[in-house]
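Since the structure comes first, as structure tokens, the remarks are kept for the end.
The values are calculated or read from the model by the stated rules, or taken from the named source; none is laboratory data. These figures come from a predicted structure and were not determined experimentally. FYI the Cβ positions are ideal-geometry reconstructions off the backbone, even for glycines, and counts take in every protein chain you see.
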């Protein structure tokens with residue numbers, strides 16, 4: 001979906017105004033005043049969130065963000081505030097950052113909050129954008145999409161709703177009965193709701209969805225408003241998932257590469273106690289220990305699942321890494337830009353068509369010809385390609401170290417290096433990680449497998465995982481390295497500490513852990529295709545890592561299916577959905593990132609941590625299902641092959 005941004009405009013009274021919908025963004029009497037009276041007051045806030053650990057608000061229509069800023073301010077001012085405030089808002093026509101800055105300059109009471117929002121404000125790209133404030137205690141999940149589609153794809157539960165779309169007479173789609181039904185699907189027991197409108201269609205839609213509403217005194221010149229509670233007279237067929245009740249908020253994370261350390265950091269941010277178990281003597285000792293790697297989005301003309309997942313991961317990673325940098329916890333990375341080069345003239349035409357069809361912001365991705373590509377890279381290139389101005393390189397090991405540094409500051413993390421898990425054993429309501437001699441390494445109610453292909457040794461995912469060998473070459477002063485990252489048939493990084501990394505080979509069924517001649521020949525051919533000319537790298541040193549890859553090239557993130565229970569109930573599962581699968585209690589995975597660990601590890605860890613704590617998920621439901629570790633069990637069940 002292409003996102004059309006809002007245009008900055010004001011009505012005759014100086015109130016922010018939408019020319020598209022011929023309506024104002026808030027009451028002419030006061031935007032902040034309306035936010036406090038209608039939306040906070042109508043939902044009995046801050047009283048209703050007092051003493052809660054987590055409180056979730058869903059808003060239809062972010063607009064200029066006044067409701068969010070007022071809620072954030074109320075949260076900060078309240079000594080009885082919840083430990084975590086989740087604010088989910090849907091917007092089809094977001095403002096650009098500079099226009100938002102102009103708008104917020106009008107509200108002096110938000111001077112301490114608005115600049116922080118501006119700094120984190122995302123590009124206008126469809127999907128969910130998760131932004132953190134107050135050291136993660138306030139989370140804004142901004143969903144740029146049509147409201148009905150966004151609500152249908154949203155997973156989680158809400159304690160309160162702010163209905164703040166444009167007037168029903170101006171934008172009826174925001175108030176349709178299906179929107180109200182979608183809100184009901186997300187409503188927790190006794191959830192509250194408030195809106196400035198008392199239109200009959202809105203009242204009828206709320207009633208039909210199970211909300212009991214009442215008129216209240218409106219704000220300013222508006223006589224009435226509506227307040228409601230979710231109290232259906234029937235048993236809801238689709239209730240939000242219950243918040244998991246763990247005996248202890250304690251998890252074992254197996255694997256201390258990018259995947260595992262990202263999970264540790266996200267769980268520690270929520271106060272979990274963690275045992276990190278790693279067979280090597282130090283973190284990031286395997287594929288994550290490469291000299292450096294590239295990060296960039298993936299473009300597909302049909303905006304495929306893989307492209308959307310990678311976009312979400314890329315944007316999440318940039319937001320997180322930039323915030324870490326501002327906070328003085330920067331990993332070793334550089335947003336130098338990245339060129340994904342066409343392989344030939346026909347490929348360049350296909351790429352040009354893709355960029356035109358997607359209509360992406362040029363700050364995110366654009367097409368450049370060979371001359372401009374060479375100018376950006378500082379070296380001669382055979383073809384042009386995609387230019388990702390925010391792509392670049394990262395030392396994965398430095399990111400893993402930052403993850404562990406942050407985790408140790410926020411929670412109790414036991415580092416168990418040099419410990420190899422031979423098997424997992426269920427004991428009551430806990431899992432035990434056992435060594436080869438049968439001794440218990442650690443135990444906890446939750447286990448997260450973040451140990452790449454080795455996870456398949458501990459649990460059956462109903463489909464084998466591939467272990468793909470990747471060899472890279474370290475090219476020391478062999479030729480002028482590019483100023484930017486180059487990808488295409490292979491990749492080439494700028495010189496980092498004097499070493500330009502080129503790679504990588506893609507070797508199926510090759511278990512050799514040392515660089516070899518065949519791998520160097522592959523890399524030389526990749527360089528020839530990207531740069532032209534011949535390359536002799538026969539004496540170059542390098543390194544070998546192993547990618548973990550699923551057959552569909554998507555990761556496995558979430559609760560692990562109980563294959564034995566599924567087989568015992570195979571007939572009933574022939575038409576099942578992911579929610580119908582039996583799961584191994586407390587067993588999760590975060591694996592199979594292939595070559596996209598830098599981009600996928602962060603968003604996957606946030607997804608998994610959100611699932612464990614019963615929070616609104618950071619990805620749309622079809623993306624969550626696409627990475628579900630039970631998808632292969634489900635596929636086999638549907639084909640009668642369990």
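Name the residue that is surrounded by the most Cβ atoms within 10 Å (Cβ to Cβ), counting only residues in the range 613-623 that are touching a helix residue (DSSP H, G or I) at 6+ places or on another chain (Cβ under 7 Å) and part of a helix (DSSP H, G or I). Applying the filter and picking the extreme gives 623. When you scan the range 303-315, do you find a residue that is at pLDDT below 95, out of contact with any strand residue (DSSP E or B) (no Cβ under 9 Å at 6 or more places or on another chain), farther than 24 Å from residue 58 by Cα and part of a loop (DSSP other than H, G, I, E, B), even just one? Checking the range 303-315: not a single residue is at pLDDT below 95, out of contact with any strand residue (DSSP E or B) (no Cβ under 9 Å at 6 or more places or on another chain), farther than 24 Å from residue 58 by Cα and part of a loop (DSSP other than H, G, I, E, B). Filter the range 210-231 down to the residues that are surrounded by 14 or more Cβ atoms within 10 Å (Cβ to Cβ) and either touching a strand residue (DSSP E or B) at 6+ places or on another chain (Cβ under 6 Å) or closer than 24 Å to residue 158 by Cα (or both) and list them by number. Matches in the range 210-231: 210, 211, 212, 213, 216, 218, 225, 226, 227, 228, 229, 230. Taking the range 541-586 as the range and being surrounded by fewer than 19 Cβ atoms within 10 Å (Cβ to Cβ) and over 28 Å from the mean Cα position of the chain (by Cα) as the test, the residues that pass are 541, 564, 565, 567, 568, 569, 570, 571, 572, 574, 575. Which of the residues spanning the range 404-432 are in contact with a helix residue (DSSP H, G or I) (Cβ under 7 Å, 6 or more places away or on another chain) and assigned to a strand (DSSP E or B)? Once the filter is applied, which keeps residues that are in contact with a helix residue (DSSP H, G or I) (Cβ under 7 Å, 6 or more places away or on another chain) and assigned to a strand (DSSP E or B), the range 404-432 yields 413, 423, 424. Please work out if residue 367 is in the same structural domain as residue 533 (by TED's automatic domain parsing), modelled with pLDDT of 95 or more, part of a strand (DSSP E or B) and under 26 Å from residue 598 (Cβ atoms). Answer is yes for this residue. Restricting to the range 8-58, and then to whatever is in a loop (DSSP other than H, G, I, E, B) and without any contact (Cβ under 8 Å) to a residue 24 or more places away in the chain, can you tell me which residue is nearest to residue 151 (Cα to Cα)? Applying the filter and picking the extreme gives 19.
The set of residues in the range 232-276 that are part of a strand (DSSP E or B) and buried (at least 22 other Cβ atoms within 10 Å of the Cβ) comprises 251, 252, 253, 254, 274, 275, 276.
Looking at residue 330, is it part of a loop (DSSP other than H, G, I, E, B), more than 19 Å from residue 553 (Cβ to Cβ) and under 21 Å from the mean Cα position of the chain (by Cα)? Yes; evaluated as a whole, the condition is true for this residue.
Applying the condition of being assigned to a strand (DSSP E or B) and within 25 Å of the chain's Cα centre (by Cα) to the range 433-466 and asking which residue is farthest from residue 597 (Cα to Cα) yields 446. So for the range 341-348 (the condition being surrounded by 23 or more Cβ atoms within 10 Å (Cβ to Cβ), touching a helix residue (DSSP H, G or I) at 6+ places or on another chain (Cβ under 7 Å) and either part of a helix (DSSP H, G or I) or not assigned by TED's automatic domain parsing to the domain that holds residue 614 (or both)), does at least one residue qualify? Checked the range 341-348: at least one residue is surrounded by 23 or more Cβ atoms within 10 Å (Cβ to Cβ), touching a helix residue (DSSP H, G or I) at 6+ places or on another chain (Cβ under 7 Å) and either part of a helix (DSSP H, G or I) or not assigned by TED's automatic domain parsing to the domain that holds residue 614 (or both).
Suppose we keep only residues that are over 15 Å from the mean Cα position of the chain (by Cα) and outside any helix (DSSP H, G or I) within the range 122-144. Which one would you say is surrounded by the fewest Cβ atoms within 10 Å (Cβ to Cβ)? Among those that are over 15 Å from the mean Cα position of the chain (by Cα) and outside any helix (DSSP H, G or I), it is 137.
Of all residues assigned to the range 280-298, none qualifies as being over 26 Å from residue 546 (Cβ atoms), at pLDDT 95 or above and either in a strand (DSSP E or B) or outside the structural domain of residue 495 (by TED's automatic domain parsing) (or both).
Of the residues 559, 564, 590, 521, the single one that is free of Cβ contacts under 8 Å to residues at least 40 places away in the same chain and either not in a helix (DSSP H, G or I) or not assigned by TED's automatic domain parsing to the domain that holds residue 486 (or both) is 564.
Conditions tested, residue by residue: (1) surrounded by 23 or more Cβ atoms within 10 Å (Cβ to Cβ); (2) without any contact (Cβ under 8 Å) to a residue 12 or more places away in the chain; (3) in contact with a helix residue (DSSP H, G or I) (Cβ under 7 Å, 6 or more places away or on another chain).
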position	(1), (2), (3)
301	no, no, yes
304	no, yes, no
309	yes, no, yes
316	yes, no, yes
324	no, no, yes
327	no, yes, no
332	no, no, yes
337	no, no, yes
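If you filter the range 487-497 down to residues that are touching a helix residue (DSSP H, G or I) at 6+ places or on another chain (Cβ under 9 Å) and farther than 18 Å from residue 537 by Cα, you find that the one that is surrounded by the fewest Cβ atoms within 10 Å (Cβ to Cβ) is 487.
Go through 192, 198, 261, 243 for me and flag whichever is under 30 Å from residue 285 (Cβ atoms) and in contact (Cβ under 8 Å) with a residue 24 or more places away in the chain. Exactly one residue qualifies, and that residue is 261.
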